[in-house]
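For reference, the structure is listed below as structure tokens.
The values are calculated or read from the model by the stated rules, or taken from the named source; none is laboratory data. Computed from a prediction, not measured in an experiment: that's the story for all the values here. Positions of Cβ are generated from backbone atoms using ideal geometry, with glycine treated the same way; all protein chains shown enter the neighbour counts. Heads up: the accessible areas ignore ligands, DNA and RNA and are worked out on the full protein's heavy atoms, side chains in. Shrake-Rupley method; radii C 1.70, N 1.55, O 1.52, S 1.80 Å.
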Amino acid sequence: PVLEALSKDPNARALYIYPMKALANDQLNVLSIMEKETGISINPRLYDGDTSRDDKRTIRDTSRIILTNPYGLHLYIPWHHLWQRFFSNLKFIVVDESHTYRGVFGSHVALLFRRINRICNYYGSDPQYILSSATIANPVEHSNQLTGQDFHIISKDSSESGKKSFIFWNPPYLDDGLTRRSAHQETRKLLSYCVQEDLQTLCFTKSRKMAELIAAWVKRDLNQVDPELADAVQSYRAGYLPAARRKIERGLKRREISGVVTTNALELGIDIGSLECVIMSGYPGTVISTWQQAGRAGRLIDDSVVFLVAFQNPLDQYFMNHPQEFFKRNPENAVINLDNPYITAGHITCAAKEVPLTEKDSDFFTEGYSRYIKELSEKKLIKNYGSGWEYIGPRRPETKVNLSNISDQTVRVMHYSKVLETMDLTQAYREVHPGAVLLHQGEPYRVKSLDIDKLEARVEEADVGFY
């Protein structure tokens, strides 16, 4: 529909927003193929932190569909004057995986969309929002809160799909008859079996460390059977460098990789082809996540199987004994808060930097708008120069507002001169303090030092026999 509209209006533009760069990369390929097959000139391009300065200028001027992410938009819209042609002709804003915008992150993104709506209003455009989402309990309410727009829901699914078998796997009791076998060890055996049976499998774990450990254990098991099978098992998680993640995604698509152990990093709809099997090591915690993870298998018409391996906690065990309750359970509401003082005040300072704020702007924000204006004025962060309230504080305000509400400082993990991976500072305190053992793609490294000033951790290979 967007391409059809763009074919009728040569000036029309569209903005496609994805929560992850990998998703935007996938969709760029799809749009490029559609452009070639339809002959409609749209010049789709990615615009994110990896785009060169020269390319950015060309993309803003010539691209009719720009693909980006919320983190990038947050930093780009203060420079909206460079985007004047794009924003004044913007007809569609397409938001993929909109269910991911909930909680603190969702509250930030909802206010970011208010700022985008202001910019569009400033340039005389009124784009239509189109949101796509996994199953959530309150799609219309959440979409409205997220964007400030009214929505019509389309919930009928006409896509093809094969049969999906759901297997609840409760680890057997040990000899004492009281304690069950470790869910991690059951997951290990199950993944090893699936790979040997030539079932391409995605295994979800609760933590980065368990993703690394289970992958390492399975590789060790398969090495005794067939070293080639061992090479076809990988771990995948946040923190890996983009090139390493793309290599694993390509390996899955081409079926060069038989098994991947991951955190929820592969929960979203990155195109990794159609898998035969998904293993969930422990109930993911929400119905939304459960069906997102289960949905990674059998995306085409082939049959697939999903294993839920239970932990010993009461909720997992309840589902094992009452499976009908599991399948009856409705997905959760996606909840955001547009009036959190720590979040909203930050975005209002950003908005004041972008275009002076007036009384009319209360339509874009919450009922607390006037209160925030008063508080920010008293803190001497904004000042009214007649045309409206403008930001006068130190630094650029968008650099002080972090959408994920985590540290904006990133630590590089160095193995001699090579960057192994990256992580935010709060995670670095937990995982790369001096003496810690870091598991990276199944290999153990001992941390020699963590330099907070340089934001750099140094590691060395170590086979210490513990983790």
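Relative to the longest principal axis of the Cα atoms of the chain, the long axis of helix 183-196 makes an angle of roughly 80 degrees. Residues whose amide H falls under 5 Å from that of residue 235, counting only those 5 or more places apart or on a different chain, are 261, with hydrogens built in the peptide plane. The phi torsions of segment 7-20, fed into the Karplus equation with coefficients 6.51, -1.76 and 1.60 and a -60° offset, translate into couplings of 5, 8, 10, x, 8, 5, 10, 9, 10, 10, 10, 10, x, 9 Hz, rounded to whole numbers, with Gly and Pro shown as x.
Sorting 380-389, 227-236, 12-21 by average packing, meaning the other beta carbons within 10 Å per residue, from highest down gives 12-21, 227-236, 380-389. The distance from the alpha carbon centre of segment 187-248 to that of segment 72-149 is 37 Å, rounded to a whole number.
For residue 436, the shell of other residues with beta-carbons less than 9 Å away shows a net charge of +1, using +1 for Lys and Arg and -1 for Asp and Glu. Across the alpha-carbon set of segment 111-162, the Rg to Rh ratio works out to 1.09, Rh being the Kirkwood radius.
Principal-axis analysis of the Cα atoms of the chain puts helix 242-253 at an angle of about 60° to the longest axis.
Pairs of C-alpha atoms in the chain farther apart than 28 Å represent 59 percent of all such pairs.
Rolling a 1.4 Å probe across the protein heavy atoms gives the chain an accessible surface of 49 Å² per residue. Counting only aspartates and glutamates at least 8 places from residue 219 when in the same chain, those with an alpha carbon closer than 12 Å to its own are 228, 231, 443. Pairs from the table (36/253; 21/380; 374/400; 36/156; 206/454) lying more than 26 angstrom apart at Cα are 21/380; 36/156; 206/454. Accessible surface of segment 1-153, 1.4 Å probe: 49 percent of it comes from carbon and sulfur atoms. Using a Förster radius of 51 Å, what is the FRET efficiency between residue 75 and residue 329 based on their Cβ-Cβ separation? Nearest 0.05, please. Once the sixth-power term is evaluated, E becomes 0.85. Length available on full extension from residue 149 to residue 225: 0.36 nm per residue minus the Cα-Cα distance, which gives 21.6 nm. Averaging 1/r over every pair of different alpha carbons in segment 58-168 and inverting the result gives a Kirkwood radius of 15.8 Å.
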